[in-house]
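Take a look at the structure below.
The values are calculated or read from the model by the stated rules, or taken from the named source; none is laboratory data. What you see is a predicted model; the values in this text were computed from it and never measured. Positions of Cβ are backbone-derived with ideal geometry, glycine not excepted, and every protein chain shown enters the neighbour counts. Accessible surface areas use protein heavy atoms only, side chains included; no ligands, DNA or RNA. Shrake-Rupley method; radii C 1.70, N 1.55, O 1.52, S 1.80 Å.
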Amino acid sequence: MVCKLLRTIGFALGLAITAASAPARAADNGTVSVLYAGSLVNLMEHSVGPAFRQATGLNLQGYAAGSNKIANEIKGRLRRGDVFISASPKVNGSLMGEVNGNHVTWYVTFARSPLMIGYNPRSKFARDFKTRRWDKVLQEPGIRIGRTDPKLDPKGAFAMQMVTRAAELYHQPDLVQKILGAPENPAQVLPEETLIGRLQSGQLDAGFFYSTEISDLKIPAVAPDAALHTQADYTLTILADAPNAAGAAKFVDFLLSRQGKALLEVHGIEVAKPAVTGNPLTMPASVQAVVEAPVQ
């Protein structure tokens with residue numbers, strides 16, 4: 001009698017758990033998890049997310065950080081997602097192939113954003129940026145410079161690259177040391193998702209930012225000489241173990257659509273003709289169609 005009662009209770013509890021978990025699974029199917037480069041926070045949260053929901057009924061659940069940091073978390077199985085948007089094609093390589101876990105089998109390069117030097121308009125150095133060359137201002141005593149970790153974020157690597165090129169262009173062999181110090185200089189290196197806030201709050205006088213960040217937040221900035229040009233090349237992919245692969249395909253279709261491209265341009269991002277790297281046969285048919293569509 002007791003055993004029968006316990007079996008009955010267990011069965012009832014099982015039904016309750018199943019019933020409780022069903023809505024959760026349904027809710028998951030209505031959400032697309034997008035892991036994206038921290039420079040795209042404003043675009044994703046305030047423009048793409050709401051527009052995607054209105055167009056498809058699906059919610060965007062975003063996570064922003066340095067592209068390399070996200071890739072490391074994916075590779076280490078510390079984070080899962082449906083879509084991964086990086087600021088550099090090279091980052092995807094660390095997730096491709098059997099030795100890297102086969103997390104990525106293809107990716108599309110779809111947009112770009114040049115690197116610039118942004119500054120706080122209330123900084124005591126603001127006037128100097130209008131009258132002096134940027135590298136000279138960044139060498140002034142007391143200036144507080146912000147950048148990201150070159151090991152965790154392409155933007156940090158691009159900043160190092162830009163100043164290294166400037167050292168050659170301006171014949172100043174010690175320019176990197178004078179402006180940036182060590183690659184991981186703790187006085188400058190900050191998480192990408194906090195860099196803008198530090199500049200706006202006055203904790204930084206200047207920093208290295210993409211044009212999309214400059215455009216979105218109306219940050220005064222100077223562009224380096226053309227010979228020093230470097231940029232983010234944004235890529236996107238659907239991760240091989242995406243929990244919501246169908247929703248991920250809809251998100252990619254949307255971002256590469258005419259409406260998605262218009263949103264990118266509003267946020268200061270230059271749209272590029274989609275270029276596929278990897279195995280296109282593993283792409284969803286809808287994404288293949290969008291990528292192969294004639295440029296409008």
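Counting only residues that are assigned to a loop (DSSP other than H, G, I, E, B), within 22 Å of PRO284 (Cβ to Cβ) and among the hydrophobic types (A, V, I, L, M, F, W, C), the range 83-105 holds 1 of them. Taking the criterion of being out of contact with any strand residue (DSSP E or B) (no Cβ under 8 Å at 6 or more places or on another chain) and outside any loop (DSSP other than H, G, I, E, B), the residues of the range 266-285 that qualify are VAL266, LYS273, LEU281, ALA285. Residues in the range 160-178 that are within 24 Å of the chain's Cα centre (by Cα) and open to solvent by less than 10 Å² (accessible area, probe 1.4 Å) were compared, and the one that is nearest to PHE209 (Cα to Cα) is MET162.
Residues in the range 192-248 that are acidic (Asp, Glu) and open to solvent by 20 Å² or more (accessible area, probe 1.4 Å): 5 in all.
Give me the residue from the range 24-37 that is open to solvent by 10 Å² or more (accessible area, probe 1.4 Å) and modelled with pLDDT of 90 or more and, out of that set, nearest to the chain's Cα centre (by Cα).
We begin by selecting, within the range 24-37, every residue open to solvent by 10 Å² or more (accessible area, probe 1.4 Å); these are 24-31, 33.
Pick out the ones that are also modelled with pLDDT of 90 or more and you get 30-31, 33.
Values: GLY30: 22, THR31: 19, SER33: 13 Å.
Only one residue tops the list, namely SER33.
For the range 45-66, filtering for residues that are modelled with pLDDT of 95 or more, open to solvent by less than 20 Å² (accessible area, probe 1.4 Å) and not hydrophobic (A, V, I, L, M, F, W, C) leaves 1.
Which one is surrounded by the fewest Cβ atoms within 10 Å (Cβ to Cβ), of the residues in the range 110-138 that are part of a helix (DSSP H, G or I) and of a type in the set (A, V, I, L, M, F, W, C)? So the residue we want is ALA126. Could you list all residues from the range 240-265 that are of a type in the set (A, V, I, L, M, F, W, C), within 21 Å of the chain's Cα centre (by Cα) and not in a loop (DSSP other than H, G, I, E, B)? Passing the criteria: ALA245, ALA248, ALA249, PHE251, VAL252, PHE254, LEU255, ALA262, LEU263, LEU264. Residues that are crowded, with 22+ Cβ neighbours inside 10 Å, touching a residue at least 40 places away in the same chain (Cβ under 8 Å) and hydroxyl-bearing (Ser, Thr, Tyr): does the range 257-279 have at least one? Within the range 257-279, not a single residue is crowded, with 22+ Cβ neighbours inside 10 Å, touching a residue at least 40 places away in the same chain (Cβ under 8 Å) and hydroxyl-bearing (Ser, Thr, Tyr). Does TYR107 satisfy the condition of being modelled with pLDDT of 95 or more, among the aromatic types (Phe, Trp, Tyr) and surrounded by 18 or more Cβ atoms within 10 Å (Cβ to Cβ)? It is true that TYR107 is modelled with pLDDT of 95 or more, among the aromatic types (Phe, Trp, Tyr) and surrounded by 18 or more Cβ atoms within 10 Å (Cβ to Cβ).
ALA232 meets each of the listed conditions (1) part of a helix (DSSP H, G or I); (2) of a type in the set (A, V, I, L, M, F, W, C); (3) farther than 20 Å from ASN59 by Cβ; (4) under 16 Å from the mean Cα position of the chain (by Cα) apart from (1).
Looking at the range 142-158, which of its residues are assigned to a loop (DSSP other than H, G, I, E, B), among the β-branched types (Val, Ile, Thr) and closer than 11 Å to VAL189 by Cα? THR148, the sole residue that qualifies.
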